[in-house]
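Data block below; observations after.
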Amino acid sequence: MYRERQKQLAEAVRRVLKAEWEIELAEVVMEQPPELSMGEFALPVAFELARKLRKAPRVIATELAEKLRGELRPESGFTSFETAGAGYINVRLEREDLALALAADGATNFSKNAARILVEHTSINPNKAAHVGHLRNAILGDTLVRILRAAGYSVDVQNYIDNTGVQVADVVVGFLHLDGKSPQQIEALIASCDALGAEAREGRFDYICWELYARVSQWYSEGTEEQQRQRKALRYETLHEIERGDSEVARVADRISTAVLHLHLLTMQRLGIEYDFLPRESEILHLKFWDRAFELLKQSGVLYHESQGKNAGCWVMTRPDAKVTKGETDEDAKVIVRSNGTVTYVGKDIAYHLWKFGLLGADFGYRKFFEYPNHTCWISCMEGAVEHPHFGGAGAIYNVIDSRQSDPQANVVQALRGMGHAEAADRYTHFSYEMVALTPRCAQDLGYHVAEEDRSRAYIEVSGRKGFGVKADDLLDKLTAATRSEVDARQPERTEAERQMIAEQIAIGALRYFMLKFTRGSVIAFDFKDALSFEGETGPYVQYTAVRARNIFRKSGTTPEQAMEAMRKSAAGAIQEDALWAIWLRAARREQALTAAIQSAEPATLARHSFQLAQEFNNFYHKHHIMTEEDPARKILLLATAAVALRELTVLLHWMGIDVPEAM
RNA sequence: GGGCGAGUAGCUCAAUUGGAUAGAGCAACGGCCUUCUAAGCCGUAGGUUACAGGUUCGAUCCCUGUCUCGCCUACCA
């Protein structure tokens, strides 16, 4: 209904401008007045016309408002057009119409969208436990998936697994050479970790790898020069063995990376994050994705063989926006194939992205890897199940990858464009975000040594290599413990299991909201004090608000559905009070908020939207005591308002992957 | 050197993409629990939007220059 009104208004403005002044606008800008009492829409169009018509904005606005009054009579749902400020036209709607439409239909109204979208997120190197930075990635990515689906898109979720990279090699070197374990001993260790279960923290396999990875990184830079040279050689020898596959070292690497991957999936499942497909680098290598891509790149002339300068003997690609003088060597070119014939990370990524868009002419093998309650997560393999879903061949893609990777991401887009796939390049979104870092105080609290020069900085970058960071499961544990003690105090009559469930829901609400409330371009300087806060602009605040609304229905002996029904049957729709109208109007703007979040690729706007609704409801809740309301007609309206708030909060929280607990 | 991002209240962040009086949360101060849950509500205080120009009806937002901070810029992945 709200969007219908918006459309009607825009069309009316177009008609009037055409008829009166022969003006056609590309788009009719529509804003929200700063105060509720001013109406539902604000049109700044008179400012735009001032120059063309050589008249003051206010004069134009007055004339235009008059004409609009003629176009959109009160019986069509528009009650007033007022000139305001320096030349705005404020438009009021019939509130009752809008409220009754909302009471009748609570669905998100979007038509099914044919385009298939592929979202890649998480993509943690499978060589150590996940940390806070990975949480930001996964939570942003998962929320993007949820809102795209809410908007009617069909979305596949992929988590790219770099199981043949140097990071995995480092842990392999650590186990085999630094700790002197045999492949059998590593196998036994993984088995004993499995037996302990993911709930164990000490002795959890990805935690062991975390510590080992830091130790190995340290080991590379210790010792005599000769030792360092040998260790480095060992590192690359191991890497190349893993890349080639089909050796004991490669099997050890596969065993380790698969075990860590499995734990990552469990960690993310705690947060309600699931994947459809796990493409692995090992298959990109062994299924010859790169060989095909290499041919295509050479044919299209995107890659050329450099014969001079520092990149002599390499296949290189000109960078986006590079200023290259004809006849001169482009020293700044991006190396894709090294002089020794091996392909770089960007090269493999180009092949992978050709596959994503269905432009490679090759596909993975697929086999089942992980079962969620409601669906299966598949993994790539050489030859898999005969019957399997097909991933890839997407109409549009989103890569949730932090801003440090914007350069390689741009290289991939550049390659696609250079190969003539301009359409694919246009539908390639690097969903970029800034990193999560730790405040110096947080680092010190965790027991890390903080260098003198770092103490005055706003934040310090986390580093897996240094073992410097906050592990995802530790953070979730800490949040759950904090919420649990609060729940125990507030809900003593509930069972142990109920209290634990509530505590976990609140912990997840706090964490997910915390990661979503910052806009993507802002570095999160992580601190336990902020992350463990449950007051003010936090997930628990919004959850608590929904629980308050729910309690009204628990105690009043009616349901939200019945309250809506009663509202429709009675003529209780007249809503004069702003405290009530704010809630109905925000509910009416659900689709607008969703569209804005998708178009700007900014989930933070939704987090804010939900917080504002929560504030509006708490304000209403404080002003009006619903259960003791004596006027029956009034009580119906108040109950329906609580019902619409509860429904809206539940939907918005769900889009962010946050549940509404039974009680708080 | 080049590219990207950031600089807004004591702190952490917003600002409908150029609009009305720049808003929230935390921290501070002052009120509100016999009432549907105080993880809440109301109020006070807090601003030269890094700086200097420019564009126009209008600039936190766009342009130019300067300063500060972070990240990226390897034949690492």
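The values are calculated or read from the model by the stated rules, or taken from the named source; none is laboratory data. Note that the structure is predicted; figures quoted are calculated from it, not measured. Backbone-built Cβ (ideal geometry, glycine too); neighbour counts: all protein chains shown. Each accessible area value is taken on the protein alone, full model and side chains, heavy atoms only, with ligands, DNA and RNA left out. Shrake-Rupley method; radii C 1.70, N 1.55, O 1.52, S 1.80 Å.
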Degrees separating the helix A:578-588 axis from the principal Cα axis of chain A, which is the longest one: 50 degrees
Which of rounded, prolate, oblate describes region A:477-516, given a ≥ b ≥ c as roots of the alpha-carbon gyration tensor eigenvalues and a/c under 1.5 marking rounded, otherwise prolate only if a/b is larger than b/c? prolate
Excluding A:ARG608 itself, what net charge comes from residues whose Cβ is under 15 Å from its Cβ, given Lys and Arg +1 and Asp and Glu -1? +2
Taking a probe of 1.4 Å, how large is the accessible area per residue of region A:160-274, in Å²? 45 Å²
Remind me, relative contact order of chain A in percent, using alpha carbon pairs under 8 angstrom and six or more residues apart? 14 percent
On the formula 1/(1 + (r/R0)^6), with r taken between the Cβ atoms of A:ASP477 and A:GLU383 and R0 of 51 Å, the FRET efficiency rounded to 0.05 is 0.80
Using helices alone, what [θ] at 222 nm do you get for chain A, with -39,500 (n - 2.57) per DSSP H run of 4 or more residues, divided over all residues and rounded to the nearest 500? -17000 deg cm²/dmol
For A:ARG201 and A:GLU328 in one chain, what is 0.36 nm times their gap in residues minus the Cα-Cα distance, to one decimal in nm? 40.0 nm
Computing the accessible area with a 1.4 Å probe over protein heavy atoms, can you report the carbon and sulfur percentage for chain A? 48 percent
Loop-resident sites, region A:7-72, for trypsin sites (Lys or Arg not before Pro), counting at most 10 other Cβ within 10 Å (DSSP): A:ARG54
Area accessible to solvent at A:GLU434, 1.4 Å probe radius, in Å²: 50 Å²
If ligands, DNA and RNA are left out, what is the accessible area of A:GLU222 with a 1.4 Å probe, given in Å² to the nearest 10? 80 Å²
List the trypsin sites (Lys or Arg not before Pro) within region A:258-335 that fall in a DSSP loop (any state other than H, G, I, E or B) and whose Cβ has at most 15 other Cβ atoms within 10 Å. A:LYS288, A:LYS310, A:LYS323, A:LYS326
What does the charge count around A:HIS177 come to, taking other residues whose C-beta lies under 10 Å from its C-beta (Lys +1, Arg +1, Asp -1, Glu -1)? +2
In square angstrom, what is the accessible area per residue of region A:1-88 with a 1.4 angstrom probe? 57 Å²
Distance between the C-alpha centers of region A:515-560 and region A:67-100? Whole Å please. 35 Å
Calculated SAXS-style log₁₀ I(q)/I(0) at q = 0.07, 0.09 Å⁻¹ - chain A, Debye, Cα scatterers: -0.58, -0.91
With region A:2-93 reduced to its Cα atoms and the Debye formula applied, log10 I(q)/I(0) at q = 0.12, 0.17, 0.22, 0.24 1/Å amounts to -0.31, -0.64, -1.12, -1.35
GluC sites (Glu not before Pro) in region A:553-660 lying in a DSSP loop, each with at most 14 other Cβ atoms within 10 Å of its Cβ, come to A:GLU577, A:GLU630
If each of A:ARG465 and A:HIS654 carries a label point 7 Å out from its Cα toward its Cβ, how far apart are those two points in nm? 4.5 nm
Taking the Cα centroid of region A:590-664 and of region A:393-448, what is the distance between the two, rounded to the nearest whole Å? 33 Å
For region A:578-644, what does the alpha-carbon gyration tensor say about shape, rounded, prolate or oblate, given a ≥ b ≥ c as the root eigenvalues, a/c under 1.5 as rounded, and a/b over b/c as prolate? prolate
Ordering A:TRP584, A:TRP315, A:TRP219 from largest to smallest accessible area (1.4 angstrom probe), what's the sequence? A:TRP315, A:TRP219, A:TRP584
Rounded to the nearest 10 degrees, the helix A:132-150 long axis (Cα) sits at an angle to the longest Cα principal axis of chain A of 50 degrees
Show log10 I(q)/I(0) for region A:404-529 at q = 0.16 Å⁻¹, two decimals, from a solvent-free Debye sum over equal Cα scatterers. -0.92
Using Cα atoms only, what is the angle between the long axis of helix A:590-599 and the major principal axis of chain A, expressed in degrees (0 to 90) to the nearest 10? 40 degrees
When only Cα pairs under 8 Å and 6 or more residues apart are kept, what is the percent relative contact order across region A:162-284? 40 percent
